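Heads up: the structure comes next, in structure tokens.
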Ligand SMILES: [Zn+2]
């Protein structure tokens, strides 16, 4: 087995913050794996960074009236902080707009170019003559031929979901200038993926049938069965890494060419700072390259990037690509555009000091082999029943009883007690699961050791035996202390903040994983421990209810057909409604109210009577305009004095998009005094 582990986690796209789906499907499992490998004594490089190129970023910038750099600067900071807050232990978290990345990806491209690995192809692309720019499909809008949506994009209609090409749009227009785009010939560089089919077949289909996850293996197999085609590695765009060739002005590397090279660039940045040689991790057979990704990235990490590295010639192939399925939220697909998500940075704010609770909840429902679901109720149960009720309870009892009865000194006990066998057994079991990327099983195995310890105390009842049998009590707490320290050590990859608290309570240093497997005594008799704060606290119903309400609010907002519509007012019953007396009426006289710019004094024939109404419509209508208008009036509104004039009733008005008021009137002329309802 290799001593070096080159571990990457999918580059988050710097177009929005990170949510629990990303965390459960990539970053937390990758972090557990990296931490665990470090504990085995492996030479680990755990590398990630923000992916800052690509069309969605330029589109977002355009919409918000800022530069693409502004967008990526903002989200890079938010994402980076969320990861740090949640204990994701990257050795390097960089970004694809870094200088080193530009150099590295341009060098990579040039090497392939000089080796003759690209084909050059001329194709016709849409071009905006006024903006003097080629247009990505996303930059062309028009009418969807399928549903008539007038704001369909050149690649997709978001209303009916159909996939489109720009030529299918009716009345296509450039988003840059609003003009009709023209077709223009342009040259780009393609990687002929079809030439790598046999290599991919041999390496993955024949070589990794048994050790890669079935979902990953199956998807690669299906891509290869369908046959691969040459794929453009450059684009006509002005946001990205410029193509480093003469005559390639206005062209950048395709974001999926440059993004995975980011793993290499960031490793170089880390290596330079730490006196390492990046090639030991990327170009040496003594290194295991492992990519943690979501299932939507399989093609890029198992087909395109390996083909690029194969074409280059100097790189090792990934040892494994443990791709995860998707996590749903409250039985609905997580969606950034619908804001249906639990955002990492919001969780950190709402649950201060409780990072490990989220790590635990997400790992225990990690979508390893199929899509899985996160619910707030489940989150609460996992905290209250498992972390508080079992794990936290056990650690706390051991520490408190030792402090209370033995002045905080570990008592004597039987170093050959059969209960101590469980420690090494569980350490090995967790190791085997983690080596096999089975994170949920590993977590369950860990929790079973906490259950074992908790049950041991419940059965032996040291709080009772202390009154009758001191020697027996010493032994129970000696054994309890060994299990507690083991739990701290085994918790570290999963729950690093809690592990540190346990080290502090028991005044111990973190151990190598192999040492836990091979020893029964982890804390010696006579060792002094510290007082024990609670590791976890109950999460109450109102806290969970507030989170559910937050999602409920999102659901209501998503139903709006007009984003500017205010939320519905509190419900009323039918009796409330029948109290309201609405009638048709006609304005028969109108005059301005002195020293009041907004008011008109109206005389209204309501059919029931002729009365005076003061109305705030003077900025929308002249008195002449309203005379003779049929309107609707709230007849039984209690009279009130406005500027000394008694106003009897209220006319129904609405506001137009230009801010001017308009009367609510019947479609056809009707008699005055007719009830409305
Ligand atoms: Zn459509």
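The values are calculated or read from the model by the stated rules, or taken from the named source; none is laboratory data. Computed from a prediction, not measured in an experiment: that's the story for all the values here. Glycine gets a Cβ as well: all are built from the backbone with ideal geometry, and neighbour counts include every protein chain shown.
For the range 227-250, the count of residues that are away from the ligand (no atom under 16 Å from the Cβ), exposed (fewer than 12 other Cβ atoms within 10 Å of the Cβ) and either within 30 Å of residue 326 (Cβ to Cβ) or modelled with pLDDT of 95 or more (or both) is at least one. Kindly indicate which of 300, 305, 324 is closer than 23 Å to residue 85 by Cα and touching a helix residue (DSSP H, G or I) at 6+ places or on another chain (Cβ under 8 Å). Answer to the check: 324. Residue check: residue 31 meets all listed conditions (1) within 30 Å of residue 511 (Cα to Cα); (2) out of contact with any helix residue (DSSP H, G or I) (no Cβ under 8 Å at 6 or more places or on another chain); (3) surrounded by fewer than 18 Cβ atoms within 10 Å (Cβ to Cβ) but one, namely (3).
Of the candidates 580, 539, 529, 502, the single residue that is in contact with a strand residue (DSSP E or B) (Cβ under 8 Å, 6 or more places away or on another chain) and crowded, with 18+ Cβ neighbours inside 10 Å is 529.
Just one residue in the set 23, 11 is touching a strand residue (DSSP E or B) at 6+ places or on another chain (Cβ under 9 Å) and not in a loop (DSSP other than H, G, I, E, B); that residue is 23. Sub-9 Å Cβ pairs linking a first residue in the range 157-172 that is on the phi > 0 side of the Ramachandran plot and modelled with pLDDT of 85 or more to a second residue that is more than 13 Å from the ligand (Cβ to nearest atom) and outside any helix (DSSP H, G or I), at least 6 apart or interchain, are 171/180, ordered by first then second residue.
Residues are listed down the side, and each one gets a yes or a no for (1) more than 29 Å from residue 645 (Cβ to Cβ); (2) without any contact (Cβ under 8 Å) to a residue 24 or more places away in the chain; (3) in a helix (DSSP H, G or I):
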position: 525; (1), (2), (3): yes, no, no
position: 532; (1), (2), (3): yes, no, no
position: 539; (1), (2), (3): yes, no, no
position: 554; (1), (2), (3): yes, no, yes
position: 565; (1), (2), (3): yes, yes, no
position: 577; (1), (2), (3): yes, no, yes
position: 583; (1), (2), (3): no, no, no
position: 598; (1), (2), (3): no, yes, no
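Within the range 89-110, the presence of a residue that is within 16 Å of the ligand (Cβ to nearest atom) and either assigned by TED's automatic domain parsing to the domain that holds residue 349 or closer than 30 Å to residue 345 by Cα (or both) is excluded.
Listed by position, the strands (runs of 3 or more DSSP E) inside the range 122-194 whose residues that are more than 16 Å from the ligand (Cβ to nearest atom) number at least 3 are 182-192. Can you find a residue in the range 179-199 that is at pLDDT below 95, buried (at least 19 other Cβ atoms within 10 Å of the Cβ) and closer than 30 Å to residue 367 by Cβ? Checking the range 179-199: not a single residue is at pLDDT below 95, buried (at least 19 other Cβ atoms within 10 Å of the Cβ) and closer than 30 Å to residue 367 by Cβ.
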